[in-house]
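First the structure, in the form of structure tokens, and then the observations on it.
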Protein chains: 2
Amino acid sequence: MAPKYKQVAEQIETDIVNHVYQHTNKLLTEDEYATKYDISRNTVRKAIEILVNKGYVYQVQGSGVFVRDHYNSDYVNLEKLQGLTSDFSGRKVETRPLAFEQTTANEEVAERMKCPVGTPVYYVKRLRLVDDHPFSVEDSYFRKSLVVYLDENIIRKSIYNYLRNDQKLAIGFADRVIYADFLKAEDAVLLELKENDPALLVDNTVYLTNGQIFDVSRATHHFKHVKMLKVSNIKS
Amino acid sequence: MAPKYKQVAEQIETDIVNHVYQHTNKLLTEDEYATKYDISRNTVRKAIEILVNKGYVYQVQGSGVFVRDHYNSDYVNLEKLQGLTSDFSGRKVETRPLAFEQTTANEEVAERMKCPVGTPVYYVKRLRLVDDHPFSVEDSYFRKSLVVYLDENIIRKSIYNYLRNDQKLAIGFADRVIYADFLKAEDAVLLELKENDPALLVDNTVYLTNGQIFDVSRATHHFKHVKMLKVSNIKS
DNA sequence: AAGTGGTCTAGACCACCGT
DNA sequence: CGGTGGTCTAGACCACTTC
């Protein structure tokens with residue numbers, strides 16, 4: 001059972017996507033939502049906060065909450081970690097496994113995973129395509145003691161859905177380091193580009209809620225097809 | 001007068017940076033902070049939420065709030081918009097003005113600023129250096145009707161501090177689109193790289209609290225010296 | 001002045017972690 | 001089981017926008 005504020009956030013998000021507020025671009029007031037859903041104003045505010053963080057709306061004190069012009073599906077939204085499928089809903093998203101093996105952490109992986117060299121890990125390499133265009137190549141390592149089981153069937157689909165739903169893994173937070181570099185020859189072939197073209201790289205480190213690292217990955221993105229979007233509020 | 005939750009967040013942040021929690025890596029409990037600062041638990045939670053979003057700490061239900069290993073000063077943290085000076089505190093940050101003029105929006109700028117072609121704007125081009133290494137080249141346009149005044153002296157320092165503190169401009173939120181491309185010849189010279197090397201680009205659109213766009217910019221970053229960090233929680 | 005979002009409180013109860 | 005974070009409430013008062 002999801003908490004109320006999440007349910008309400010999803011409700012309002014659906015309304016936004018369905019252009020319910022199109023005439024004025026303005027949401028209902030907080031008091032109106034409180035009455036509508038029979039919840040307290042603070043719960044309404046928590047719901048709206050989620051939408052603010054996702055970049056759907058902005059708040060103006062004394063005035064209201066307004067819908068933003070939003071970037072439909074050309075960007076990878078850095079606020080939504082669920083992966084490509086949610087960013088590119090309505091488009092064809094495909095995953096091609098390129099490698100899958102059980103091995104042990106070499107020095108580089110051990111350093112990124114903060115574990116000893118030789119720790120057992122799963123290695124997965126996958127090519128992702130959107131609308132039949134190569135999108136990114138992804139090298140992932142999963143710590144075997146934490147993910148317990150993986151197979152070739154699972155990695156064709158969403159590894160994360162499997163870990164969350166079937167393995168009940170409590171995924172907590174993630175760091176992503178974003179940078180540019182020369183495209184390696186091996187990846188150039190897969191992305192249908194040339195060696196030493198630019199590449200947009202993202203190094204991921206994913207933690208369980210208790211702070212343990214269970215996954216590190218590096219995604220090499222097609223520089224022409226991939227742009228990342230970060231929305232920010234000037235608070236904090 | 002900053003709100004309590006912000007003040008407390010800054011207090012705790014200072015404590016973290018000064019290694020006050022180093023022995024256990026664990027913050028005080030929410031109740032302890034509530035007593036310590038004589039505030040309600042909800043206010044403590046708002047303060048801690050800020051630190052979570054900045055990537056300083058993570059929360060474990062039933063257990064406590066823990067300090068993360070943090071990435072001292074090698075990354076541009078996408079959660080902190082204040083600019084380079086705060087990301088690279090303790091390092092030499094320099095800004096060299098390359099161009100400053102009053103002009104009008106051409107088609108590209110008008111499109112990005114969602115304003116008519118011909119709208120009066122300030123154009124600013126600056127080179128940023130960190131520890132004497134070229135870091136990025138930045139092309140910015142400011143909508144003249146909203147920023148009112150700028151001069152060559154201001155753009156040497158922090159334009160944003162000036163707009164916020166002296167002009168009392170209410171800066172609200174920003175979009176950043178991050179991507180990779182070939183480095184242009186003109187920027188290669190400034191960054192001491194070669195034409196067609198990779199470049200890490202960031203297109204910025206900055207809004208006032210009322211939703212008006214007052215600044216658009218494009219930063220071309222040195223691919224070897226710049227990495228961006230995004231920390232995320234798996235909530236929302 | 002009325003409307004609407006922003007801050008803050010005090011307290012209740014639940015969910016999860018550890019002993 | 002006790003400790004600690006997560007959700008939620010009802011209400012007060014402030015700050016800003018709009019008319």
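FYI, it's all coordinate maths here, none of it is from the lab. Just so it is clear, the model here is predicted, and its values are computed rather than measured. Quick reminder, even Gly has a Cβ in these numbers, built from the backbone with ideal geometry, and neighbours come from all protein chains shown.
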Along the Cα→Cβ direction, 7 angstrom out, place labels at A:HIS133 and A:GLU101. What is the inter-label distance in nm? 3.3 nm
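Determine the percent antiparallel among the DSSP beta bridges restricted to the protein assembly as shown, to the nearest 5.
Numbers: 118 of 122 bridges.
Percent antiparallel among DSSP bridges in the protein assembly as shown is about 95.
In the stretch A:108-212, which chymotrypsin sites (Phe, Trp or Tyr not before Pro) fall in coil by DSSP and have 14 or fewer other Cβ atoms within 10 Å? Working shown, then result.
Details: sites: A:TYR122, A:TYR123, A:PHE135, A:TYR141, A:PHE142, A:TYR149, A:TYR160, A:TYR162, A:PHE173, A:TYR179, A:PHE182, A:TYR207; in loops: A:TYR149.
The qualifying sites are A:TYR149.
Loop-only trypsin sites (Lys or Arg not before Pro) in the stretch B:204-236, please: DSSP not H, G, I, E or B, and at most 11 other Cβ atoms within 10 Å.
Values: sites: B:ARG218, B:LYS224, B:LYS227, B:LYS230, B:LYS235; in loops: B:LYS224, B:LYS227, B:LYS235.
In loop regions of the stretch B:204-236 (DSSP not H, G, I, E or B), the sparsely surrounded trypsin sites (Lys or Arg not before Pro) are B:LYS235.
So which trypsin sites (Lys or Arg not before Pro) in the stretch A:121-167 are both in a DSSP loop and have at most 15 other Cβ atoms within 10 Å of their Cβ?
A:LYS157
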How many nm separate the modelled label positions at B:ASP151 and A:GLN11, each set 7 Å beyond the Cα in the direction of the Cβ? 5.6 nm
Given charges of +1 on the Cβ of Lys and Arg and -1 on the Cβ of Asp and Glu, with all other atoms neutral, how large is the dipole of the stretch A:4-72 about its Cα centre, in debye to the nearest 20? 160 debye
Taking B:ASP69 in one copy and the same position in all the others, each labelled 7 Å out along Cα→Cβ, what are the pairwise distances from the first, in nm, shortest first? 4.4
Between the stretch B:171-236 and the stretch B:1-70, what's the alpha-carbon centroid distance in Å? 31 Å
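Can you tell me the dipole magnitude for the protein assembly as shown around its Cα centre, using point charges on the Cβ only (Lys, Arg +1; Asp, Glu -1), in Debye to the nearest 20?
Computed charge dipole of the protein assembly as shown: roughly 1160 debye.
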Given charges of +1 on the Cβ of Lys and Arg and -1 on the Cβ of Asp and Glu, with all other atoms neutral, how large is the dipole of chain B about its Cα centre, in debye to the nearest 20? 580 debye
Quick one: how many lysine pairs does the stretch B:4-72 have with C-alpha atoms less than 16 Å apart and a gap of 8 or more or different chains? Give me the count, please. 7
Residue by residue, what Karplus-based ³J(HN,Hα) values in Hz, rounded to whole numbers, does the stretch B:97-113 have, using 6.51, -1.76 and 1.60 with θ = phi - 60° and x for Gly and Pro? x, 10, 7, 8, 7, 9, 8, 10, 5, 7, 4, 5, 5, 4, 4, 5, 8
Dipole axis of chain B (+1 Lys, Arg; -1 Asp, Glu on Cβ), positive-most option in B:ILE178, B:ILE234, B:ALA110: B:ILE234
The stretch B:122-132 - phi-based ³J(HN,Hα) in whole Hz, Karplus 6.51/-1.76/1.60, Gly and Pro as x: 8, 10, 10, 10, 9, 10, 10, 10, 10, 6, 6
The ³J(HN,Hα) series, computed from each phi in the stretch A:16-27 with the Karplus coefficients 6.51, -1.76 and 1.60 at θ = phi - 60°, rounded to the nearest Hz and given as x for glycine or proline, is 4, 4, 8, 6, 5, 9, 5, 4, 10, 6, 10, 6
